[in-house]
Amino acid sequence: MKNRKFQKTFFLIFFFLFFTSYFLLPSNVYCLSVKRTVLQNGLVVLHSEEHSLPIVMVTLLVKVGLLNELKDKAGLANLTAELLTEGTKHRKSTDISEEIEFLGASLDASAGSDYSTISLSILKKDINKGFELFSDVLLNPIFPQDEIERKKEIIKGSLRQREEDPSFLVERAFKKEVFDDYPYGRLIEGSAETIDNIKREDLIRFYADYFLPNNSILSVVGDLTEGELNSLINRYLSDWKRADLPPVAAKGLNEKRTKKIVKIDKDITQANVILGHIGISRDNPDYYAVSVMNYIFGGGGFSSRLMQSIRDKMGLAYDVESFFTLNKEKGLFQIEVQTKNESADLVISEILKQIGRFREECVSDDELSDAKSYLTGSFRRKLDTNRKIADFLASVEFYNLGLDYVEKYSGYINSITKEDVLRVAKKYIDPENYVLVIVANQKKADLKY
Amino acid sequence: MLQLFLQILIYLFMKRIKIFFILSNLLSILLIVSSYAHALEPKEYKLDNGLRVLIVENHKAPVATLQVWYRTGSRDEPCGKSGLSHLLEHMMFKGTTKYGPSVFSKIVQKNGGTDNAYTTKDYTVYFELFSSDRIMISVDLEADRMQNLTIDQKETFSERDVVMEERRLRFEDDPQNSLFEEVVAASFKEHPYRRPVIGWMSDIKSIGREDLYNYYKVYYSPSNSVIVVVGDVNSDQMIERIKNSFGNIPPIPLKKNSSFSEPEQRGERRVLLRKEAELPYLLAAYHIPSFPDEDSYALNVLSLILSGGKSSRLYKSLVYEKKIALDVNTDYDGFNKNPYLFFFDATSSPGKNIKDVEEAFYLEIEKIQKELPSEHEVQKAKNQIESSFIMDQDSIYMEAMKYGLFEILGDWRLIDRYLEGIRKVKPEDIVRVAKKFLKEDNRTVGILIPTKKKDEK
């Protein structure tokens, strides 16, 4: 359970890097040849051949996640995904893990804010068997009652265990405070109460409603020819039928921006602090300017203003960073830091000082050009494994970026000016109406905020 | 499956934490190695000053990595100065006579690169990843900080504070990791492996500029390091540049490492930790040999039979059938200079007794000490190892890590020996090593006992 928190952190960071960096590579230096096909049943297939190693990476993205859940059944998307590999018409849960692990392969399903994925990583020699298992969990899950109970207990137990982790507590409280009842304010796992509300019928219904070819993207990268892929699809996915999707229930995001401070007491040595508010959606035209701006402010590792001041000069934290979570709908903007209880006040006031300065003065020419050269120059380096490419292609399709996005994006980044950076800093970082959550030994922290 | 190991690696040693995604793959290589038949042959060099260089040309994508492996880690620290190697690792980013403090990473980033470093008990690694047309920047930067580190007094104090924050983050406020420190410290009486890589808080506080400088001068030399380059490079050009940049750095004769030993454990040791936490947690550690000991291969396979995925014995018994644990892991890779530990850990399910978790674990151990595992079960573990090895080759970073690690352990060619060793493991070997090492007298058991919170919310 332990490294769940890292998975989460990793996800957020990765997500950000993904969209700030991956697309930036000028296409003339890194050719990614991708074939896009739309099948008759509506499934979008993306395929890139890479024959240097005998491996195949498959990602199936299904457009269903947090946004499709009801509040009192939060955790439904996650539980549905987790149970796909826990029993099908043809196999018991234990048969699935035994068969896939005997091949030294992996087959996992998970849900996220905007979408769910099923991922298969397998050696080329085993692709037939692997694809058959993959199609079985995708098309034939039966959601056995005992597996549902078992999974619920594990998820609830792990939610409980994570309460040991102050970063979990601070993130959960922050999200909830910013989004209120909006789905992005909830954990993907839901809560102990909402998990108990989920019945087998809910899972079956949710699966039947959303796990449809016309709601999915299949991305395949590796040692597989077009002919081989086509025959796998014909053989194993031909029974997957198109159907109408349920109407999208409009969920209003209440964009209140009021100042709110939440303090949680815990017997720990470090204050865990998050300061921020609602951010932007992935399709915001200011996305590129925000990427450059955030890199300079707090996203650019050791080059960022926050890191230079709070870690390098003041020695007050091991890590401090800011990021925008980029989702289909508006996500979060947040600054996250951990510092010993006693210096929490000082760190918070330094963050506010940095925000103030950042919204008043233009960044320097050097800062701007360094940010651009990092963002544009790091692309080809980051997209360096078949697994990353498979996931990347599926996301590009999901966010409607187009397969030529790589070329366009580089130009967008390079067109950003200092004035753009200042404008979006003023527009998307709010120095007054923010949510501030502090998990700490409150007595020792003795906050003035 | 190797969560614990992953934690350890990530927790202690990173200069910063933004690189989880790379490290999360590392666990599979360290656990696991070889099969896409065998290791690719690197070009090998040795400079007159003793610097070893391995270059693997891989032109799949226009990217490259350069890594500098120093043959020193926390086990080489003087008494009372635990955390010295790790603090020095941080100081390696804080300026040389040529570049001011905190310039290193800026240069790397503005060229589209990533840099980082980590410290272990046995070695310390620095690396950069660049698009291949920029990789020479690495050569110059690394050569500079191998010889010209400043270790400024003021910067030292500030970075020491940063490391103390890192320790609070990873250990003080993390109950399961706190137990890990306790168990390792109790497992070793004499061997410096007992010290945490990040160092005890009081030791970190006592480290001064002179400690760092002396350590740097003794251990950071070309004769005590290995450079590994993997990626889209021309090895002739690369070695020329390395010779030009590193060739003039004088070697430092290294006094032979004093040989460390640990007396045989003759009775179970138990450690209890009471701390604010939600669920009880168990961590057991057994002394075992390290690679390439003849028993290390079977121990690797045994570890996978016990906890390699949801079809493994411990998962099936403790999590799936008995429902007494939320997760189970074993961790053994054997990739240490001296004999280290085989770990088992599990978090109790809510409302269950940690005693039952412990007993269920011993029951599975007894079972594998008495009955031969099936050929199929052994083959499954071997398949997992082979497959991971092939998949890891997809990443130049992982490739470089593998060559560096095996070179540190003796010779990169051990990669092939490792794989051959794994392939030869028979069911009888599993029973033999389980009997030989996983016994009561040889283990240290730690239990985290959650205490009530000070104020209930």
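The values are calculated or read from the model by the stated rules, or taken from the named source; none is laboratory data. Remember, it's a predicted structure, so these values are computed and weren't measured experimentally. Here Cβ is always computed from backbone atoms with ideal geometry, including for glycine, and neighbour counts include all displayed protein chains.
So the values come out like this:
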read-out	value
Residues located in region A:357-390, provided they are touching a strand residue (DSSP E or B) at 6+ places or on another chain (Cβ under 6 Å) and either hydroxyl-bearing (Ser, Thr, Tyr) or at the interface with chain B (Cβ under 9 Å from one of its Cβ atoms) (or both)	A:380, A:381, A:384, A:386, A:387
Hits in region A:375-415 (condition: outside any helix (DSSP H, G or I) and within 21 Å of residue A:329 (Cβ to Cβ))	A:399, A:400, A:401, A:402
Verdict on residue A:121 being small (Gly, Ala, Ser), within 11 Å of another protein chain (Cβ to nearest Cβ) and crowded, with 22+ Cβ neighbours inside 10 Å	yes
Among the candidates A:188, A:204, residue that is among the β-branched types (Val, Ile, Thr) and not in a helix (DSSP H, G or I)	A:188
Identity of the residue in region A:38-92, within 14 Å of another protein chain (Cβ to nearest Cβ) and among the polar types (S, T, N, Q), that ends up surrounded by the most Cβ atoms within 10 Å (Cβ to Cβ)	A:85
Test result for residue B:102, without any contact (Cβ under 8 Å) to a residue 40 or more places away in the chain and farther than 30 Å from residue B:338 by Cβ	yes
Selection status of residue A:261, among the β-branched types (Val, Ile, Thr), more than 14 Å from chain B (Cβ to nearest Cβ), in contact (Cβ under 8 Å) with a residue 40 or more places away in the chain and surrounded by fewer than 19 Cβ atoms within 10 Å (Cβ to Cβ)	yes
Candidate set: region B:95-108, residues that are surrounded by 19 or more Cβ atoms within 10 Å (Cβ to Cβ) and more than 18 Å from residue A:370 (Cα to Cα); chosen: the one farthest from the other protein chains (Cβ to nearest Cβ)	B:96
Condition check for residue A:158: away from chain B (no Cβ under 11 Å) and out of contact with any Phe, Trp or Tyr (no Cβ under 7 Å at 6 or more places or on another chain)	no
Only one of A:382, A:426 that is of a type in the set (Lys, Arg), surrounded by fewer than 19 Cβ atoms within 10 Å (Cβ to Cβ) and either in contact (Cβ under 8 Å) with a residue 12 or more places away in the chain or over 27 Å from residue B:108 (Cα atoms) (or both)	A:426
Condition broken by residue B:193, with the remaining ones in (1) part of a helix (DSSP H, G or I); (2) at the interface with chain A (Cβ under 8 Å from one of its Cβ atoms); (3) not charged (D, E, K, R) satisfied	(2)
Flag for residue A:184 being of a type in the set (Phe, Trp, Tyr) and either touching a strand residue (DSSP E or B) at 6+ places or on another chain (Cβ under 8 Å) or under 30 Å from residue B:61 (Cα atoms) (or both)	yes
Given (1) within 21 Å of residue A:36 (Cβ to Cβ); (2) modelled with pLDDT of 95 or more; (3) more than 14 Å from chain B (Cβ to nearest Cβ), number of the condition residue A:415 does not satisfy	(1)
Tabulated pairs, region B:70-87, first in a strand (DSSP E or B), second not β-branched (Val, Ile, Thr), C-beta under 7 angstrom, 6+ apart or interchain	B:70/B:123; B:70/B:219; B:70/B:220; B:70/B:224; B:70/B:225
Top-ranked residue of region A:310-356 - restricted to ones that are among the polar types (S, T, N, Q) and within 11 Å of chain B (Cβ to nearest Cβ), ranked as nearest to residue A:281 (Cα to Cα)	A:338
Residue within region A:163-183 that is assigned to a helix (DSSP H, G or I) and closer than 28 Å to residue B:388 by Cβ present	no
From B:222, B:251, residue being more than 15 Å from residue B:82 (Cβ to Cβ), more than 14 Å from every other protein chain (Cβ to nearest Cβ) and modelled with pLDDT under 95	B:251
Whichever residue in region B:386-427 is out of contact with any Phe, Trp or Tyr (no Cβ under 7 Å at 6 or more places or on another chain), more than 12 Å from chain A (Cβ to nearest Cβ) and outside any helix (DSSP H, G or I) and, among such residues, is farthest from residue A:55 (Cα to Cα)	B:410
Count of region A:49-67 residues which are modelled with pLDDT of 95 or more and under 15 Å from residue A:215 (Cα atoms)	7
Qualifying residue in region B:378-397 (condition: surrounded by fewer than 18 Cβ atoms within 10 Å (Cβ to Cβ) and more than 25 Å from the chain's Cα centre (by Cα))	yes
Region A:294-306, subset surrounded by fewer than 24 Cβ atoms within 10 Å (Cβ to Cβ) and at the interface with another protein chain (Cβ under 9 Å from one of its Cβ atoms), residue farthest from residue B:162 (Cα to Cα)	A:303
Any hit, region A:102-110, residues being hydrophobic (A, V, I, L, M, F, W, C), assigned to a strand (DSSP E or B) and at pLDDT 95 or above	yes
Single unsatisfied condition, residue B:404 versus (1) surrounded by 21 or more Cβ atoms within 10 Å (Cβ to Cβ); (2) under 30 Å from residue A:442 (Cα atoms)	(2)
Some residue of region B:109-124 being facing chain A (nearest Cβ under 9 Å) and of a type in the set (A, V, I, L, M, F, W, C)	no
Residue list for region A:231-253, restricted to those being surrounded by 10 or more Cβ atoms within 10 Å (Cβ to Cβ) and under 30 Å from the mean Cα position of the chain (by Cα)	A:232, A:233, A:236, A:237, A:240, A:241, A:242, A:243, A:245, A:246, A:251, A:253
Contacts under 8 angstrom Cβ, first residue in region A:181-194 being in the same structural domain as residue A:113 (by TED's automatic domain parsing) and within 17 Å of residue A:167 (Cα to Cα), partner part of a helix (DSSP H, G or I) and hydroxyl-bearing (Ser, Thr, Tyr), 6 or more apart	A:189/A:158
